[in-house]
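A.B. asks: Let me begin by handing over the structure; questions about it come next.
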Amino acid sequence: METTLSKSIRTTDKKAEYDAACKELLSEKIILAWILKDCVDEFRNIDVKEISEYCIEGTPQVSEIPVNPDEEDAGKIRGENTEDKTVYEGTVKYDIRFHACVPGSDERIRLIVNVEAQNDFYPGYPLLKRGIYYCSRMISSQNGKEFTDSHYEKIKKVYSIWICMNPPENRCSTITRYRIREENLVGNVKECSVNYDLMSVIMICLGKTETDQENYRGVLRLLDVLLSNKTGQEEKRRVLEADFDIPMSIELEGRVNTMCNLSDGVFREGMEKGMEKGMEKGMERGAEIGAEKKQLENIGNLMDSMKLSVEQAMAALKIPEADWAKYREMIR
């Protein structure tokens with residue numbers, strides 16, 4: 001029989017496989033194109049297929065680029081694939097990172113985009129602060145890659161986009177942006193926005209509520225269906241092809257199937273684990289009830305044979321005073 005440890009390891013492995021499959025699925029260019037189209041101002045007026053085919057540069061990198069590279073070689077130009085390990089935090093990598101260019105401008109604007117899939121909306125810290133940190137790292141890491149010395153004019157704008165799969169109900173079907181904006185405290189001046197609008201954190205919260213389904217469309221619906229463990233493969237295929245005009249290539253279909261199979265496995269493991277915990281708690285509670293009944297019987301025997309009050313009987317049996325009220329109620 002499997003031990004609890006072996007089951008935990010198996011569950012962890014399946015969850016890791018599921019997380020990896022989720023990132024691979026989200027890294028499909030056509031999926032990223034929909035995210036850019038609905039969430040990034042620079043792509044609002046550009047067709048999804050054009051974004052997918054011409055705007056997303058190269059192959060998006062999945063779990064390759066570290067968030068916290070060492071600082072001792074600040075002047076060294078590092079390649080995108082370098083895996084640097086920080087002394088304090090170990091290797092922490094962006095889920096997905098890629099460059100995107102914005103057509104139709106005199107100088108082609110290039111953006112650096114990070115997409116994160118987040119299952120836990122309350123991981124013990126504000127998720128938004130982590131998004132801001134990721135943006136800051138993407139800007140500081142450009143030193144030695146996008147610009148050198150004091151050529152800060154070459155800094156590229158960065159986006160950190162967080163896909164939250166289990167948000168609180170009040171955030172379901174919402175997309176929220178956080179960015180730097182100009183505010184005149186004294187006087188009235190106007191700075192060119194490209195000089196300060198350099199980072200944006202976008203929170204995409206999936207799910208839908210019974211009362212508000214108006215927002216459940218576009219990329220919100222696409223990602224919710226795509227990442228749902230309740231939607232089958234055929235339904236996902238139908239929604240992708242019919243509602244979003246996304247052709248199901250062999251590679252995309254394989255990734256969708258992998259996601260479905262792994263999500264079923266993770267769900268089953270969770271159910272088994274929950275049943276095991278329920279049985280353990282049930283057995284523990286059963287033992288407690290048995291002990292309480294035996295103690296109650298002892299109290300009654302003393303009261304009858306020795307003509308003691310309930311308090312005197314409990315004192316004779318050395319029952320903790322904290323439990324006296326419970327046994328009084330049971331006797332009553």
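A.B. asks: Under 1.5 on a/c is rounded, so check that first for the range 119-204, then, if it is not, pick prolate when a/b is larger than b/c and oblate when it is not; a ≥ b ≥ c are the square roots of the alpha carbon gyration tensor eigenvalues.
C.D. replies: Oblate shape, in that a/c is at least 1.5 and b/c is the bigger or equal ratio.
A.B. asks: Now a separate question. Give me the percent relative contact order of the range 148-258, please, defined on Cα pairs under 8 angstrom at least 6 residues apart. Walk me through the intermediate numbers first.
C.D. replies: On the way: 119 pairs, mean separation 29.9, N = 111.
This gives 27 percent for the range 148-258.
A.B. asks: Right, next: So how much slack lies between GLU234 and ARG179, counting 0.36 nm per residue of separation and subtracting their Cα-Cα distance, in nm?
C.D. replies: Values: separation 55, 0.36 × 55 = 19.80 nm, distance 3.88 nm.
Once the chain is fully extended between GLU234 and ARG179, it gains 15.9 nm.
A.B. asks: Here's another thing I want to ask about it. Given the peptides 17-28, 231-242, arrange them by the average over their residues of other C-beta atoms within 10 Å, most packed first.
C.D. replies: Values: 17-28: 19.0, 231-242: 14.2.
For the peptides 17-28, 231-242, the packing ranking is 17-28, 231-242.
A.B. asks: Treat each spin label as a single point 7 Å out from the Cα along the C-beta direction, and report the ASP47 to PHE147 distance in nm.
C.D. replies: Taking the two extended label points, one gets 3.5 nm.
A.B. asks: Follow-up. May I ask which of LYS145/LYS230; LYS49/LYS154; LYS157/LYS236 have a Cα-Cα span longer than 32 Å here?
C.D. replies: Numbers: LYS145/LYS230 43 Å; LYS49/LYS154 28 Å; LYS157/LYS236 34 Å.
Going by Cα-Cα distance, LYS145/LYS230; LYS157/LYS236 fall outside the 32 Å limit.
A.B. asks: Calculate, for GLU64 and THR209, the FRET efficiency according to 1/(1 + (r/R0)^6) with r their C-beta to C-beta distance and R0 41 Å; round to the nearest 0.05.
C.D. replies: Working: r = 36 Å, r/R0 = 0.89.
After rounding to 0.05, the efficiency reads 0.65.
Coordinate-derived values only; no laboratory data. Keep in mind that this is a model prediction, so the values were computed, not measured. When we count neighbours, we look across all protein chains shown, and the Cβ atoms used for this are built from the backbone with ideal geometry, even at glycine.
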